[in-house]
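Quick notes on the structure that follows.
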Amino acid sequence: MNDKALQIAVRANILAGLSRHGLSDVSVVAANQPTNQGRVEGPTIYFFPLPESRYGWQHTKRKYDPATSEFKREERQWIESSFQVQCLSNDDPYSTTSMTAKDILNIAAMIIAGRDFIDEMRKLGVGLQRITAIRNPYFVNDHGEFEPAPSFDFTVSHLRAIIEQSKTAERITVSTHPI
């Protein structure tokens, strides 16, 4: 599985979970895009990939396909891909019932750790490894106000594979020559 397919699956399953929990007004956006996108209005969950690491040794599998007379060599490697998930949401300081960015992010963490997310990702060959604690740092936003930017990281494992094909030799000629 490549990066884009993994990110699409993560986003789709977070959106589906938010919708199941009545939070369909929360946007889920891949952060740090190659084009300027600005801040999305309304409560938004941003996610972006963190460094990947290889797990274990690369495995090689060779197979002959008699139909095409080709040898196929598949190289497979377990990869641990990590993502950071962050939420930004305008907080109403006068409301005691509105959800904060940290509330929304806690729900997102529970969705990712939940059975539906795990089952859907497993169908794609992706397994959930771990979710870290939620951090809640503050920053000064564009209005000069302190705003929380809660975040957590999660790690999934999946296989990455490459396949190389080569034709078989049809005839081998052996000859000896004097030296």
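The values are calculated or read from the model by the stated rules, or taken from the named source; none is laboratory data. Quantities reported herein were computed from a predicted structural model and do not represent experimental measurements. Using ideal geometry, Cβ is built from the backbone for each residue, glycine included, and neighbour counts are taken over all protein chains shown. When the accessible area is computed, the model is the full protein with side chains, heavy atoms only, and any ligands, DNA or RNA have been set aside. Shrake-Rupley method; radii C 1.70, N 1.55, O 1.52, S 1.80 Å.
Quick one: how many residues across segment 50-66 are closer than 25 Å to residue 7 by Cα and open to solvent by 90 Å² or more (accessible area, probe 1.4 Å)? Please lay out each step first, then the result.
If we filter segment 50-66 for residues that are closer than 25 Å to residue 7 by Cα, which is where we start, we get 50-59.
From the residues that got through so far, the ones that are open to solvent by 90 Å² or more (accessible area, probe 1.4 Å) too are 51, 54-55, 57-59.
Total meeting the criteria: 6.
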Here the qualifying pairs (Cβ atoms under 6 Å; residues six or more apart or on different chains; first in segment 6-35 and free of Cβ contacts under 8 Å to residues at least 40 places away in the same chain and hydrophobic (A, V, I, L, M, F, W, C); second open to solvent by 20 Å² or more (accessible area, probe 1.4 Å) and part of a helix (DSSP H, G or I)) come out as 28/11; 28/15; 30/7
Selection count, segment 107-134, where residues are free of Cβ contacts under 8 Å to residues at least 40 places away in the same chain and within 18 Å of residue 45 (Cβ to Cβ)
7
Search segment 136-156 for residues that are in contact (Cβ under 8 Å) with a residue 60 or more places away in the chain and among the β-branched types (Val, Ile, Thr) and pair each with any residue that is in a strand (DSSP E or B) and open to solvent by 70 Å² or more (accessible area, probe 1.4 Å) when their beta-carbon atoms are under 6 Å apart and the residues are at least 6 apart or on different chains.
155/129; 155/130
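Quickly run through segment 33-56 and pick out the residues that are assigned to a loop (DSSP other than H, G, I, E, B) and at pLDDT 90 or above.
First pass over segment 33-56, keeping only residues assigned to a loop (DSSP other than H, G, I, E, B): 33-43.
Result: 43, single match.
If only one of 165, 129 is out of contact with any Pro (no Cβ under 7 Å at 6 or more places or on another chain), open to solvent by 100 Å² or more (accessible area, probe 1.4 Å), within 22 Å of residue 76 (Cβ to Cβ) and part of a strand (DSSP E or B), which one is it?
Numbers: 129 fails: open to solvent by 100 Å² or more (accessible area, probe 1.4 Å).
One residue alone meets the criteria, 165.
Quick check on residue 30: is it modelled with pLDDT of 90 or more and either more than 29 Å from residue 141 (Cα to Cα) or of a type in the set (A, V, I, L, M) (or both)?
Numbers: modelled with pLDDT of 90 or more: no; either more than 29 Å from residue 141 (Cα to Cα) or of a type in the set (A, V, I, L, M) (or both): yes.
When the stated conditions are applied, residue 30 does not pass them.
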Reported set for segment 132-160 where residues are closer than 30 Å to residue 3 by Cα, open to solvent by less than 50 Å² (accessible area, probe 1.4 Å) and not charged (D, E, K, R) is 148, 149, 150, 151, 152, 154, 155, 156, 157, 158, 159
Qualifying residue in segment 60-81 (condition: out of contact with any Gly (no Cβ under 8 Å at 6 or more places or on another chain), within 26 Å of residue 110 (Cβ to Cβ) and without any contact (Cβ under 8 Å) to a residue 40 or more places away in the chain)
no
Does any residue in segment 91-103 that is over 18 Å from residue 140 (Cβ atoms) come within less than 6 Å, Cβ to Cβ, of a residue that is open to solvent by less than 70 Å² (accessible area, probe 1.4 Å) and basic (Lys, Arg) six or more places away or on a different chain, and which pairs are these?
none
Which listed residue, of 107, 112, is over 14 Å from the mean Cα position of the chain (by Cα), crowded, with 16+ Cβ neighbours inside 10 Å, among the hydrophobic types (A, V, I, L, M, F, W, C) and assigned to a helix (DSSP H, G or I)
107
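Can residue 84 be described as assigned to a strand (DSSP E or B), open to solvent by less than 80 Å² (accessible area, probe 1.4 Å), over 29 Å from residue 106 (Cα atoms) and not basic (Lys, Arg)?
On the way: assigned to a strand (DSSP E or B): yes; open to solvent by less than 80 Å² (accessible area, probe 1.4 Å): yes; over 29 Å from residue 106 (Cα atoms): no; not basic (Lys, Arg): yes.
It is false that residue 84 is assigned to a strand (DSSP E or B), open to solvent by less than 80 Å² (accessible area, probe 1.4 Å), over 29 Å from residue 106 (Cα atoms) and not basic (Lys, Arg).
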Taking segment 138-174, which residues are among the aliphatic types (A, V, I, L, M) and at pLDDT below 85?
169, 172, 174
